[in-house]
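Below is one structure; the comments refer to it alone.
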Amino acid sequence: GTRQEMAPPWVLLGVLSLLAACEASVSPFRPPIPSCGTPPHALRSQRRARPTRLSAADWRAAGERAAAGDEDDKSPYQLGLLPFPLSEALLPGETKQVHLYEARFTRLFEDAAREHGGCLGQLLLTPAGNVAAVTSLLEVEESRRQEIGVWAQLKCVGRVRLTSLRQTDYQYVLGDVELLSDKTFVDRDAEDAADEQAAAKREEETTALDVVGAYDRCHSMASRLKGVEESEAAKAKTKEGSPDERVEWGHEAREELSFDTTLAELLRSRREVLLSRGLDLLPADSLFEQTRTIWDVEDEEAAERQLLSYALAAILPPADRAQAMGMRDTVERLQHSLATLNEQERRMAAQLALRQAFS
């Protein structure tokens with residue numbers, strides 16, 4: 001289909017072309033990847049880091065001031081980058097816990113707090129050894145020193161485009177970046193700009209409704225399939241020696257998408273993450289207030305539609321997630337997810353029909 005034929009020039013950057021100045025410095029881009037999900041018992045004897053973290057909005061404001069000064073050729077927007085496989089790319093509203101043991105990564109955290117407003121980015125690595133050009137803008141929501149290394153909870157608040165990479169004296173990767181936001185019609189000079197903006201808004205609203213309906217149908221279908229599977233399992237137990245056969249649809253092994261939670265629950269959890277302003281402050285009053293300088297949204301409704309597009313893209317397979325991350329159009333990202341949801345709905349409907357036929 002059209003979605004698969006798209007040439008995504010923004011998806012991948014060649015490591016060697018970006019790191020020519022670093023000579024043989026590709027190895028720091030590869031594992032060891034920071035370990036995630038540190039168990040509670042491993043967090044003993046910790047002290048919480050001082051609350052020096054600034055918001056990503058302040059990081060952007062500092063970059064704008066540096067750009068206005070234009071004192072040298074140094075990029076006004078820089079981030080230290082933690083390496084992760086592409087499959088662990090975060091979209092706005094998602095969080096990840098990391099436990100960093102290596103000295104270079106603990107130094108990265110210190111520099112992030114001191115020089116980058118408590119922000120950092122992901123260095124997303126593909127199996128082929130390339131780096132994703134568009135990646136996640138992360139805030140350090142909480143961090144704690146441990147006997148060995150640092151534990152931290154990171155949250156994704158936006159997206160950035162990598163323009164260049166280099167290795168620091170402390171052996172971590174520093175990136176020059178550009179903040180990436182969805183395109184709007186506000187700054188167009190055409191006489192019919194207002195009409196185009198209204199039409200674009202209607203298209204966003206219509207597509208958002210279509211996507212919500214598709215997700216809800218997939219969630220309902222997944223619940224029905226789960227019920228059928230539980231019924232089959234119960235019947236199999238009553239028949240001694242009867243195999244618990246599973247009806248497979250298609251000839252390829254496919255990655256199953258999860259529809260365990262309702263869309264309302266998914267959006268609520270992502271919204272809470274984005275509204276949070278740390279342990280010492282009350283949450284922001286609105287999504288628009290919290291994201292307008294990072295997402296360049298015009299109002300609360302536009303912020304909610306972008307949140308919807310990110311939340312739905314997050315359930316997609318890794319390659320589709322990476323493609324969605326680089327899109328600069330909310331409607332395009334929603335339609336990208338809608339195509340996958342419609343395909344998944346058809347597949348689950350066929351699975352349900354087959355299971356019911358053989359039950």
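The values are calculated or read from the model by the stated rules, or taken from the named source; none is laboratory data. What you see is a predicted model; the values in this text were computed from it and never measured. Glycine also receives a Cβ, built like all others from the backbone with ideal geometry; neighbour counts cover every protein chain displayed. What goes into the accessible areas is simple: the full protein's heavy atoms, side chains included, and nothing from ligands, DNA or RNA. Shrake-Rupley method; radii C 1.70, N 1.55, O 1.52, S 1.80 Å.
With the requirement that a residue be part of a loop (DSSP other than H, G, I, E, B) and at pLDDT 90 or above, what does region 82-101 give you? Give the derivation first.
Here is the first cut: in region 82-101, the residues part of a loop (DSSP other than H, G, I, E, B) are 89-94, 101.
Within region 82-101, Ala89, Leu90, Leu91, Pro92, Gly93, Glu94 meet the criteria.
Quickly run through region 103-141 and pick out the residues that are of a type in the set (Asp, Glu) and out of contact with any helix residue (DSSP H, G or I) (no Cβ under 9 Å at 6 or more places or on another chain).
Passing the criteria: Glu110, Asp111, Glu115.
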* **Residue count, region 317-329 (criterion: under 19 Å from Glu88 (Cβ atoms) and open to solvent by less than 10 Å² (accessible area, probe 1.4 Å))** => 3
* Residue match in region 135-148 (condition: surrounded by fewer than 22 Cβ atoms within 10 Å (Cβ to Cβ), within 28 Å of Thr291 (Cβ to Cβ) and among the aliphatic types (A, V, I, L, M)) -> no
* Structure fact -> Scanning region 276-299 for residues that are under 14 Å from Thr330 (Cβ atoms) and among the charged types (D, E, K, R) gives Asp296, Glu298, Asp299
* Asked: With Gly117, Gly121, Gly129, Gly149 as the choices, which residue is touching a strand residue (DSSP E or B) at 6+ places or on another chain (Cβ under 6 Å), at positive phi and not acidic (Asp, Glu)?
  -> Gly149
* In the set Ala113, Ala128, which member is within 17 Å of Arg277 (Cβ to Cβ) and surrounded by fewer than 22 Cβ atoms within 10 Å (Cβ to Cβ)? -> Ala113
* Asked: Considering region 164-179 alone, what residues qualify as being assigned to a loop (DSSP other than H, G, I, E, B) and either on the phi > 0 side of the Ramachandran plot or surrounded by fewer than 19 Cβ atoms within 10 Å (Cβ to Cβ) (or both)?
  -> Thr168, Asp169, Tyr170, Gln171
